[in-house]
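Below is one structure, written out as structure tokens; the observations come after it.
The values are calculated or read from the model by the stated rules, or taken from the named source; none is laboratory data. From a predicted model like this one, the values you see are computed outputs, not experimental measurements. Every residue, glycine among them, receives a Cβ derived from its backbone with ideal geometry; neighbour counts consider all protein chains shown.
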Amino acid sequence: MTRPDDDAVPVAGHNDGQPPRWWIYRGAGQPLQDTRLADLLPPPPPWRSFGGGPVLPPPPDDDAEIRRRLGLHRAPARQFANFAEHEANMVNAALLLRRPLLVSGRPGTGKSSLAYRISRELRLGRVLRWHITSRTTLQQGLYEYDAIGRVQDTAAQRAAEGEGHSAGDRSAPPGVGDYIQLGPVGTALLPYAEPRVLLIDELDKSDLDLANDLLSVFEEGSYSIPELLRARRRHPTVKVLTDDPDREAEITGGTVTCRAFPLVILTSNSEREFPPAFLRRCLLLDMPEPDENDLADMLVAHFGGEAVTEWADDLISRFVERSRQRGGLSNDQLLNSLYLAMSARASDETGPLPEFSRTVWHGLNGTDPGARTA
């Protein structure tokens, strides 16, 4: 199998082939040991400093989702010469500047996976993911309020108490906090000690106004919930559900302000342009096509080194060539084809690599009759 060399290769501009000292995220796939991001991350620029509080407990882990996204196995740590240097530069710049990172590129090149790699390496817990469609609004990302459910529960409560009760004897209606749940963006802006990783997937599919709406929230690092603002005199502090399973957060005065600005990864398939004001406040990363070493690492991560060694070189070479012919294939198509090949070979160790395993290499427009041929 094609693998990176084990010996470090010096890189121009870096001593002994080592990453720059200012890097925190290194892209090596190895989680931080005996330290936390809060110990490594310098203070934010004064214009990106936020003072939300009180500080919430760390978010939950989601190892199952990270394994599903990145694989069960870890490839050996790469030497610096083999890193995606520009990618690591931009991730670290986003961390230090507290700015969103807009990752563009064709579908299937691993844009979304970047958020999970960052979370695993920096030990930042569950990734908050918000998938965008043409009907998505900013409020859906911030919070949802079930007004109808509250009215129905209030009516049911009064009916159960009966008409004989005077107004003074009736129980208080259900609290407003029971009917509010924060979305991924709203949860990311809660006052955590360390940044949450927020993945906003396929932003270019959104309504034209969503990017500008997000811009305002990201600039301020805060947002308000009108339903809680109206009730703040009677209920100054309210508990609401968050996007994390079975987690709650207290909101005081109807306003949420972050403490550590989240690491926001926005992905785009480059299907349309974004407003200049929005782009000016983002850092930009164009995700390149994966090379053969990247694809080999992906197979090792999902199948293990011993399981794929026999077929990887041939399969990857053919996949890269087919991708060039078809104008780009998705990484998961390579995973699917290897899984099919391994399943077919399980009962026939002497046979050739099954040709049908490459039938999943169709063009991304879904109409590629040439994919049925070798």
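Couple of notes before you dig in:
- Restricting attention to the stretch 113-154 and to residues that are of a type in the set (Gly, Ala, Ser) and modelled with pLDDT of 95 or more, the residue that is surrounded by the most Cβ atoms within 10 Å (Cβ to Cβ) turns out to be Ser119.
- All strands (runs of 3 or more DSSP E) inside the stretch 236-346 with 2 or more residues being at pLDDT 80 or above and closer than 30 Å to Leu208 by Cβ: 255-257, 263-268, 283-286
- Sole residue being of a type outside the set (Val, Ile, Thr) and either touching a Pro at 6+ places or on another chain (Cβ under 7 Å) or in a loop (DSSP other than H, G, I, E, B) (or both), chosen from Arg158, Arg135: Arg135
- Qualifying residue in the stretch 23-33 (condition: surrounded by 15 or more Cβ atoms within 10 Å (Cβ to Cβ), among the basic types (Lys, Arg) and at pLDDT 95 or above): no
This table checks each residue for (1) within 24 Å of Ile118 (Cβ to Cβ); (2) in contact (Cβ under 8 Å) with a residue 24 or more places away in the chain.
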| site | (1), (2) |
| --- | --- |
| Glu227 | no, yes |
| Arg233 | no, no |
| Gly254 | no, yes |
| Ile265 | yes, yes |
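To keep it simple, each residue is scored yes or no on (1) in the same structural domain as Pro100 (by TED's automatic domain parsing); (2) assigned to a loop (DSSP other than H, G, I, E, B); (3) farther than 22 Å from Leu190 by Cβ.
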{"site": "Arg21", "(1), (2), (3)": "yes, yes, yes"}
{"site": "Arg26", "(1), (2), (3)": "yes, yes, yes"}
{"site": "Gln30", "(1), (2), (3)": "yes, yes, yes"}
{"site": "Ala38", "(1), (2), (3)": "yes, no, no"}
{"site": "Pro44", "(1), (2), (3)": "yes, yes, no"}
{"site": "Trp47", "(1), (2), (3)": "yes, no, no"}
{"site": "Gly52", "(1), (2), (3)": "yes, yes, no"}
{"site": "Pro60", "(1), (2), (3)": "yes, yes, no"}
{"site": "Glu65", "(1), (2), (3)": "yes, no, no"}
